[in-house]
């Protein structure tokens, strides 16, 4: 409830200080039975290492791929995953919910 | 997120001070608002509500869609008294995600057999409390019925501005306690902050029911808007 993402944001800071490209992905909106609430986040570095979760495992793979693009371009983007979305079926948000995930570069 | 913002966010989180990061999701513009700056912020009502509910949320202001990401410290519960009520209260509070610590100098009460999964400190409040970093995000409950233990603990809770302070005892017992605390220099405004008799009035009889009444009152204090604001609205 109140306790979440405890070490993830610290890891993002440490990665950045160590010279890595880092992105932060945050659930900003959910509809239906989304597995993780708004505010949940995932941090990704330029080696594809990630910590945290935005969906309990359903769409993390797709988010990491997008995050690597964001690290190289520097441009934030909004991702949407849900059952109405063809690609969502592919990555498998099978719980029936829809989530929007904001991905931004750190630094 | 700028590295500076991330650093500031992590520093505030480490210090157990609440913050909200406001992001314009259309362009990535971002700012960090510390709880102490909420009152002066144009979004103060939205920020205050999001923090009280501990819930990240979206708001639309002047045609802009903003995401408010709430970073609230984990609430703590300090229980003075390893008594029967505490045996029910500690697991209940943990199921509500509180970090729970039980303090009681009486080793017969403060035994791991009676409190198998709860951090337990068998020391007097003056020794036990300072290392616990009791702060505003702490609910503080004194249930020993022994003034030698409860009173100094309550004085510590006043000093640390706990968001909830409750003490076991009837109105009569509490009136005597108020006198003692006053004699030890406590302010009237602090004494008035003590919830006593403790817990919501739900006709609780058993220790478990009293624990429910106490957690209900703590939850209400954490989540409901302050009373004076309700009246003003």
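Taken along the Cα-to-beta-carbon direction at a fixed 7 Å, the label points for residue B:26 and residue B:200 span 4.2 nm.
As a ratio to 2.2 N^0.38 Å, the alpha-carbon radius of gyration computed for the stretch B:60-153 takes the value 1.38. Is the stretch B:1-44 best put as rounded, prolate or oblate by its Cα gyration tensor, with a ≥ b ≥ c the root eigenvalues, rounded for a/c under 1.5, and otherwise prolate when a/b is larger than b/c, oblate when not? Cα axes put the stretch B:1-44 in the oblate bin.
Relative to the longest principal axis of the Cα atoms of chain B, helix B:84-95 runs at roughly 20 degrees.
Hydrodynamic radius of the stretch B:1-87 by the Kirkwood approach over all distinct alpha-carbon pairs: 14.4 Å. Among B:205, B:19, A:22, B:61, a tally of other beta-carbon atoms within 10 Å of each Cβ gives an order, fewest to most, of B:205, B:61, B:19, A:22.
Listing B:98, B:137 from fewest to most neighbouring C-beta atoms within 10 Å gives B:137, B:98. Once both axes come from the Cα atoms, what is the angle between helix B:171-183 and the longest principal axis of chain B, in degrees from 0 to 90, rounded to 10? Here the helix axis deviates by roughly 80 degrees. Using only Cα atoms, locate the centre of the stretch B:153-177 and the centre of the stretch B:117-137, then give the distance between them in Å, rounded to an integer. Answer, in whole Å: 16. Cβ crowding within 10 Å, taken as a proxy for footprinting-reagent exposure, orders A:10, B:187, B:172, B:65 from fewest neighbours to most as B:172, B:187, B:65, A:10.
Computed over the stretch B:90-233, the range of Cα coordinates on each principal axis works out to 49, 37, 30 Å, biggest value leading. Normalised by the number of residues in the stretch A:38-79, the average gap of Cα pairs under 8 Å and 6 or more apart makes the relative contact order 31 percent.
Over chain B, Cα pairs under 8 Å with separation of 6+ residues give a relative contact order of 15 percent.
Over the protein assembly as shown, DSSP H runs of length four or greater, each weighted -39,500 (n - 2.57), average out per residue to a 222 nm ellipticity of -10500 deg cm²/dmol. Full extension of the chain between residue B:59 and residue B:15 yields a length gain of 13.1 nm, computed as 0.36 nm times the residue separation minus the alpha carbon distance. Per the Debye calculation on the protein assembly as shown with a single equal scatterer at every Cα and no solvent contribution, log₁₀ I(q)/I(0) for q = 0.12, 0.15 Å⁻¹ amounts to -0.92, -1.17. Computed from the Cβ-Cβ distance with R0 of 51 Å, the FRET efficiency linking residue B:8 to residue B:146 stands at 0.70. Taking the C-alpha atoms only, the angle from helix B:44-53 to the longest principal axis of chain B is near 50 degrees. Applying 1/(1 + (r/R0)^6) with r as the Cβ-Cβ distance of residue B:37 and residue B:224 and R0 = 22 angstrom yields a FRET efficiency of 0.45.
Every number in this text was worked out from the coordinates using simple rules, so none of it is lab data. These numbers come from a predicted model, not from an experiment. In this analysis, Cβ positions are derived from the backbone assuming ideal geometry, glycine residues included, and neighbour counts consider all displayed protein chains.
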